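Worksheet for the structure shown next.
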Amino acid sequence: MKPYIKTQQVWTGKLFSSALFVCLIVLMTSCNKNRPNNSIAGDANNAEIALSEPVAVEEEPEPIERKLIKEGTLAFETADLKQTKNQIIQAIQKHKGYISSENESSVNNSLNHTIIVRVPAKQFDAFIHDATHGIDKFDTKDIQVKDVTEEFVDIQARLKTKKELEQRYLDLLKKANKISEILEIEKQIGDLRSDIEGTEGKLRYLANQASYSTVSISYYKSIPTQTAFGNKFKDGFSSGWDNFVWFLVGLVNIWPFILSITIIVYLLRRWWKRLKAKI
């Protein structure tokens, strides 16, 4: 082989090796450049996915309905008892209430009427406005509101605990085999049931007091002095006649004693006259 041919082959091999080396370097550089971009893109995609997913938010507890017991006491003077009562009755019917008790009396030269009304708590203010419409001056106007929400919630919680305990006792009763165990569990259930019923009754009472408000309305009409004296005279005459009748009835009841005493007195007087005649 000629020398220049051999030299040409050597240089060709070196050029091929150099080109291959350069290609490898370029390829590695390209990979290094692409890798961070892919990582950043992946992180961005992950962030978008994280943001798109719904975030769990803690639900706020439902607001507790306030339990308020409203009570009102009203007292005033009126010129017409009948008209005032009709006005109160109309207000009761309008606001879906009812009369709890009613009383009439005559004291200190006045005729007094008292009506105790139960009315839905939501209608409390409107009822008082309608029932006392036209009254400018009150002798007494006392409105009280008592918040029993905390007490109501506490009783509810204790009632729930007692019922859960009762259920556990019932489960134990199903598994009990000995008569002594059965009797003991039944005794515990009986005591617990009595306690539960008492708690339920108190809960119902508070619920009723909060649902229906109580309003005591006292109204009166003054009686003129002359009229009052005439009424007293009339009452005295009537009482005197009643006493006289009772006196006659009493005499009739004891007539045997009166007759016996009369005969004894008559005999004693005759004996005394005879005795004096002999002397």
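Each value in this text was obtained by applying a stated rule to the coordinates, not by laboratory testing. Predicted model, so just to flag it, every value in this text is computed and none were measured. Cβ atoms come from the backbone with ideal geometry, glycine included; neighbour counts cover every protein chain shown.
Given the Cα atoms of segment 157-210, and with Rh set as the inverse mean 1/r over their pairs in the Kirkwood sense, what is Rg to Rh to two decimals?
Details: Rg = 13.8 Å, Rh = 12.2 Å.
Value, to two decimals: 1.14.
Compute the signed sum of charges (Lys and Arg +1, Asp and Glu -1) over the other residues within less than 12 Å, Cβ to Cβ, of residue 195. The partial results should precede the final answer.
Details: positive: 158, 162, 163, 193, 202; negative: 166, 191, 197, 200.
With Lys, Arg at +1 and Asp, Glu at -1, the net is +1.
Size of the dipole of segment 68-149 about the Cα centre, Lys and Arg at +1 and Asp and Glu at -1 on the beta carbon, nothing else charged, in debye to 20? Don't skip to the answer; put the middle values down first.
Details: 10 positive and 11 negative charges, 68 e Å.
So the dipole magnitude of segment 68-149 works out to roughly 320 debye.
Amide H of residue 67 versus every other amide H placed in the peptide plane: which residues, excluding those fewer than 5 positions away on the same chain, fall under 5 Å?
It is 148, 149, by chain and number.
In the structure displayed, which of 85/141; 70/122; 160/202; 96/137; 96/221 lie more than 21 Å apart, Cα to Cα? Kindly include the intermediate steps, with their values, before the conclusion.
On the way: 85/141 18 Å; 70/122 10 Å; 160/202 14 Å; 96/137 26 Å; 96/221 28 Å.
Check vs 21 Å cut-off fails for 96/137; 96/221.
Relative contact order of segment 69-194: what whole-number percent is it, with Cα pairs under 8 angstrom and at least 6 residues apart? Walk me through the numbers before you get to the answer.
Working: 109 pairs, mean separation 37.0, N = 126.
Relative contact order comes out at 29 percent.
Loop only by DSSP, 14 or fewer other Cβ within 10 Å of the Cβ. Give me the chymotrypsin sites (Phe, Trp or Tyr not before Pro) in segment 67-139 that pass, ordered by residue number. Don't jump to the answer; show the numbers that get you there.
Numbers: sites: 76, 98, 124, 127, 138; in loops: 138.
Those satisfying the criteria are 138.
Can you work out the base-10 log of I(q)/I(0) for segment 66-119 at q = 0.19, 0.22, 0.25 1/Å, using the Debye formula on its C-alpha atoms alone?
Those come out to -0.76, -0.97, -1.16, one per q.
At what distance in nm do the modelled label points of residue 166 and residue 90 sit from each other, each positioned 7 Å from its Cα along Cα→Cβ?
Each label point is offset 7 Å from its Cα along the Cβ direction, giving 4.9 nm.
State whether segment 138-248 is rounded, prolate or oblate according to the following rule on the C-alpha gyration tensor (a ≥ b ≥ c being the square roots of its eigenvalues): a/c under 1.5 gives rounded; otherwise a/b larger than b/c gives prolate, and the remaining case gives oblate. Don't skip to the answer; put the middle values down first.
Details: a/c = 9.66, a/b = 2.30, b/c = 4.20.
Because a/c hits 1.5 or more and a/b fails to exceed b/c, segment 138-248 counts as oblate.
Spelling out what I want: for every residue of segment 201-213, take phi, set θ = phi - 60°, compute 6.51 cos²θ - 1.76 cosθ + 1.60 (Karplus), and round to whole Hz; glycine and proline get x.
Going residue by residue, I get x, 5, 5, 5, 4, 5, 5, 5, 5, 6, 6, 10, 8 Hz, with x marking Gly and Pro.
Can you put 74, 268 in order, fewest other beta carbons within 10 Å first?
Sorted ascending by nearby Cβ count, the order is 268, 74.
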